[in-house]
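Notes follow the structure.
Any read-out appearing in this document is the output of simple, stated calculations on the displayed coordinates, not a laboratory observation. These numbers come from a predicted model, not from an experiment. So basically every Cβ, Gly included, is an ideal-geometry build from the backbone, and we count neighbours across all protein chains shown.
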Amino acid sequence: MAGALLLAALAIMPAAAQSSAEAEIRAAFAQWTDDFNARRADKTCDLFAKDLIAQYRGAPERGYARQCELLTTALTDPKRRFHNALAIREILVLGDIAIARVVWTQTIRENDSGKETRTVEPGLDVFRKEPDGKWRIIRYLAYDEE
């Protein structure tokens, strides 16, 4: 009987750890989305690891510094307002690595004319649990739907 209880506990532990990691990643996405939409440029880079490699269709690969520069430029642009919404399709947790399939919907509003442009951008984000306990994106691939 004790052996069966031990086996059951061992089977549950990985599922519980995966559930906890998935919840942490969902919370990180939610915080990032809130920071981005509130134009808190100083906080949006925290979702990315320092060794980030990002690839967006048609653009050259970029690292952490360039990614942060692009975010800061967008969020401090006085002529436009950016808004992101996120749909998480799937999160797979594999130890200290996780893969998230996501779809971002970005709306850009021109302040002077009120014109809005909307893009839908499916992507794949690879997270790593960092030494400080936070999940951060180490790789991402994204593209706009045609």
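Observations on the model:
- 0 to 90° range, to nearest 10: angle between helix 2-37 axis and the chain longest Cα axis: 10
- Amide H contacts for Leu52 (H built 1.01 Å from N in the peptide plane; partners 5 or more residues away or on another chain; cut-off under 5 Å): Tyr64.
- Taking the longest Cα principal axis of the chain as reference, the axis of helix 64-75 is set at about 50 degrees.
- Span from the segment 123-146 Cα centroid across to the segment 17-85 one, whole angstrom: 9
- Virtual spin-label span in nm between Lys50 and Val126, 7 Å along Cα→Cβ: 2.0
- Scanning residues 5 or more positions from Phe127 or on other chains, those with amide H under 5 Å from its amide H are Ala98, Ile99, Ala100, Ile138, with H placed 1.01 Å from N in the peptide plane.
- Within the chain, antiparallel bridges make up roughly 90 percent of the DSSP beta bridges whose residues both belong there.
- Note on segment 2-142: dipole from Cβ charges, positive end direction compared against Ala100, Trp135, Thr119; the farthest Cα belongs to Thr119.
- Full-stretch length increase - Lys115, Gln31 - with 0.36 nm per residue and alpha-carbon distance subtracted: 27.5 nm
- With θ taken as phi - 60° and the Karplus curve 6.51 cos²θ - 1.76 cosθ + 1.60 applied, the whole-hertz 3J(HN,Hα) list for segment 89-94 is 7, 6, 10, 10, 10, 10 Hz, x standing for glycine and proline.
- Database remark: amide H of Asp144 closer than 5 angstrom to the amide H of Arg57 (H placed geometrically; neighbours at sequence offset of 5 or more, or on other chains; Pro and chain starts carry no H).
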